[in-house]
Amino acid sequence: MKSIAIAMMCHAINAAYCQSMGDDSQPTWDDAPEAHKQSLLAGVKMHLANPDATPEQSHESWYKVKEAEGWKYGEVKDLEKKEHPCFLPYAELPAEQKAKDYLFRTTVHLVKNFPDSDEYLALSAEVVNLRQKVEQQKSVAIRTATVTPTESIQKAAGVAIQYVGNKSLYTDHLYNSALTFEQGQVRSIPSDLATKFLKHPEFKAYEGEPESTSGETTEQVSDDTSSILNRSKEKQQEEVDKENQIFDEIETVGKMTKAGLIQYAQEKYDQKLSPQKNLDELKESVTQLIHRFGVV
């Protein structure tokens with residue numbers, strides 16, 4: 001399951017727990033501040049990268065990051081004043097907060113291997129698409145023998161969707177495809193991506209020959225779509241590679257000795273770590289450096 005989906009699930013479980021304790025102030029995921037979402041996402045990634053980390057170790061890591069950012073204790077969370085009610089040593093946290101930490105860790109490891117619902121929808125759409133291809137090819141073969149197999153496959157490839165929203169120009173940021181749609185424009189896109197777009201009322205399935213509002217031909221629109229999707233895919237792959245590089249580096253650091261960790265921090269980040277820290281503390285300090293500054 002994607003990290004963002006796990007973070008959303010953890011947020012919902014935390015809100016339900018708070019509600020059971022009489023606290024109805026927790027916002028929905030959509031209404032939650034971006035800083036809160038990023039904090040949850042960072043916690044999910046930390047537990048995924050460190051499956052043996054305890055809630056106490058997780059809190060200590062969070063505490064050190066907040067301390068470095070200038071946060072302090074406050075009875076109510078205040079982003080402007082950088083005050084947080086959980087900015088306390090783990091032993092001093094209320095039992096309710098410790099329970100939340102354990103729920104968070106358990107949820108991450110419980111659902112991390114679950115498939116995403118989009119994968120099921122994409123598979124279903126692909127099966128339908130393949131069946132349509134077979135039926136269309138049969139129909140073409142019966143109707144005329146002059147149509148080549150290549151032409152038949154090209155017409156059946158992809159799923160045609162039409163933008164019927166109110167914007168004169170719509171750009172997709174939700175699914176990171178970078179596709180743009182003029183009002184009424186039709187694009188033929190991969191079935192898994194089409195399944196996602198068709199969840200929204202601004203899009204509908206289109207039957208007919210795709211043609212843009214600017215008069216471009218089907219072939220031109222198709223080429224443009226493919227080019228945009230390829231660039232978007234390359235960009236997403238770069239981000240995945242960067243994240244994997246960080247996780248690989250953290251895994252390597254996890255096998256180092258105390259002396260190796262101290263030397264690593266000095267050479268890579270020009271940071272002096274105290275030799276008085278134990279091995280786990282040094283690993284945590286170096287891991288924070290990697291998350292903060294990236295792989296050097």
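The values are calculated or read from the model by the stated rules, or taken from the named source; none is laboratory data. Just so we're clear, the structure is a prediction, and the values are computed from it rather than from any experiment. Positions of Cβ are backbone-derived with ideal geometry, glycine not excepted, and every protein chain shown enters the neighbour counts.
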TODO: Would you be able to say whether some residue in region 12-21 is crowded, with 17+ Cβ neighbours inside 10 Å and without any contact (Cβ under 8 Å) to a residue 40 or more places away in the chain?
DONE: yes
Open item on the list: Can you confirm whether LEU88 is surrounded by 14 or more Cβ atoms within 10 Å (Cβ to Cβ), in a loop (DSSP other than H, G, I, E, B) and at pLDDT 85 or above?
Closed with: yes
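Okay, residues lined up against (1) at pLDDT below 90; (2) surrounded by fewer than 12 Cβ atoms within 10 Å (Cβ to Cβ):
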| residue | (1), (2) |
| --- | --- |
| SER222 | yes, no |
| VAL240 | yes, yes |
| ILE246 | yes, no |
| THR257 | no, yes |
| GLN263 | no, no |
Task: Selection within region 230-278 - part of a helix (DSSP H, G or I), out of contact with any Phe, Trp or Tyr (no Cβ under 7 Å at 6 or more places or on another chain) and among the hydroxyl-bearing types (Ser, Thr, Tyr) - done: SER232, THR252, TYR264
